[in-house]
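Working notes for the structure below.
The values are calculated or read from the model by the stated rules, or taken from the named source; none is laboratory data. Since the model is a prediction, treat every value here as computed from it, not as a measurement. Heads up, the Cβs are rebuilt from the backbone with ideal geometry, glycines too, and the neighbour counts pull from every protein chain shown.
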Amino acid sequence: MKAKIEELETNSKINNIRDLYRGINDIKKGYQPRTGIVKDEKGDLVADSHSIVARWRNYFSQILNVHGVSDVRQAEIHTAEPLVPEPSALEVELAIEKLKSHKSPGTDQIPAELIKARGRTIRCAIHKLIIAIWNKEELPEEWKESIIVPIHKKGDKTDCNNYRGISFLPTTYKILSNILLSRLIPYAEEITGGSSIWILTQ
């Protein structure tokens with residue numbers, strides 16, 4: 001406890017607000033041991049790492065995968081513009097600046113802070129990558145994967161149903177997503193009159 005208090009004092013002195021409040025919340029909650037076991041579909045407890053990973057995989061697969069989509073009919077799609085220009089270097093710059101700091105990276109293991117700090121060289125490389133993806137009209141296989149982390153909501157910690165999942169996406173994928181979002185917002189505002197545009201930005 002003494003070491004924890006000293007850590008809080010240090011964070012307060014150096015104005016590290018994020019870790020300061022995190023430490024305060026940890027003290028408020030008290031000691032909460034993490035559970036290393038979960039229940040399977042039958043309600044029986046499993047403790048070995050292989051079975052635990054398999055249980056979480058099955059659980060999130062059932063929640064996130066959409067079934068019964070074979071009935072969807074093919075429809076003719078009209079694009080908003082006959083020719084959509086490639087993302088510019090400025091758009092990439094702005095998209096990088098919109099990346100949130102102190103967020104866990106996805107499968108690329110590249111934190112946003114690294115991209116922001118490395119300057120023009122890495123930004124030019126990312127711009128070339130996005131242009132290549134744009135012209136090919138296909139995402140890299142790595143961008144189609146995310147790291148899902150279960151977050152406990154309430155109730156029995158061994159029950160997977162008491163958890164929600166958060167996805168850690170590749171940081172480079174987020175840059176392209178920010179570009180697309182910036183381009184879509186004007187069209188959404190035109191359609192909705194700006195009344196529901198906050199949904200896109202969440």
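Scanning the stretch 128-156 for residues that are within 17 Å of the chain's Cα centre (by Cα) and polar (S, T, N, Q) yields a count of 1.
When SER104 is tested against the conditions (1) within 30 Å of ASP40 (Cβ to Cβ); (2) modelled with pLDDT of 90 or more, the lone failure is (2).
Here GLU91 meets the list (1) outside the structural domain of TYR163 (by TED's automatic domain parsing); (2) surrounded by 10 or more Cβ atoms within 10 Å (Cβ to Cβ); (3) modelled with pLDDT of 75 or more; (4) not small (Gly, Ala, Ser) almost entirely, failing just condition (1).
Taking the numbered list (1) assigned to a loop (DSSP other than H, G, I, E, B); (2) within 15 Å of the chain's Cα centre (by Cα); (3) farther than 30 Å from ASP19 by Cα in turn, PRO87 passes all entries but (2).
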